[in-house]
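Each reported figure results from applying straightforward, stated rules to the coordinates on display, with no laboratory input. Owing to the predicted nature of the structure, the values given are computational and were not obtained by experimental measurement. Because the Cβ atoms are built from the backbone with ideal geometry, glycine has one as well, and the counts that use them run over all protein chains shown.
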């Protein structure tokens, strides 16, 4: 039995429902997926984000770095990478939208035990198709 595909508009309505606003959600190929992480992966992601921001600032590059609460619309999907960087030229002011329509320049996905590898593959393929550099980190390998 095939699941019904959810549109971007239906997804936006879903995440704004009071029962869902305190959770993190992605829309992957028309399916709503709750994003659940754990402390180990979260700590690795924040360390990577801090390094990226510090390194680029030291190079004189002004950037916007988002963590696991910053979402992006990529190829009709709504993704929340663990870390993302978008240049200040592309995004002069911080996005105030739950899912930024501007593509980041780099994303980092830290794989946690709750991640489905098929969803990771969809995400990395979408990042590649959009010209986004993607790092996928498997912490236990």
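Before moving on, here are some points about what is shown:
- Residue-averaged 222 nm ellipticity for the chain, from DSSP H runs of 4+ at -39500 (n - 2.57), nearest 500: -9500 deg cm²/dmol
- Förster-model FRET efficiency, 30 Å R0, residue 129 and residue 39, C-beta, rounded to 0.05: 0.40
- Peptide packing for 44-56, 68-80 was compared via the average number of neighbouring C-beta atoms within 10 Å per residue; ordered from the highest value, the list is 68-80, 44-56.
- Using the Cβ-Cβ distance between residue 89 and residue 19 with R0 set to 41 Å, the FRET efficiency from 1/(1 + (r/R0)^6) comes to roughly 0.60.
- For segment 1-67, average projected area of the Cα convex hull in nm²: 6.8
- Residues 106, 133, 27, ranked from the fewest to the most other C-beta atoms within 10 Å, line up as 133, 106, 27.
- Unit Cα scatterers, Debye sum, the chain: log10 I(q)/I(0) for q = 0.09 Å⁻¹: -0.27
- Computed from Cα atoms, the angle from the helix 39-58 axis to the main principal axis of the chain rounds to 40 degrees.
- Principal-axis analysis of the Cα atoms of the chain puts helix 117-129 at an angle of about 60° to the longest axis.
- Förster radius 22 Å - calculated FRET efficiency between residue 32 and residue 116 (Cβ-Cβ, nearest 0.05): 0.95
- Relative contact order for the chain: 20 percent, from Cα pairs under 8 Å spaced at least 6 residues apart, divided by residue count.
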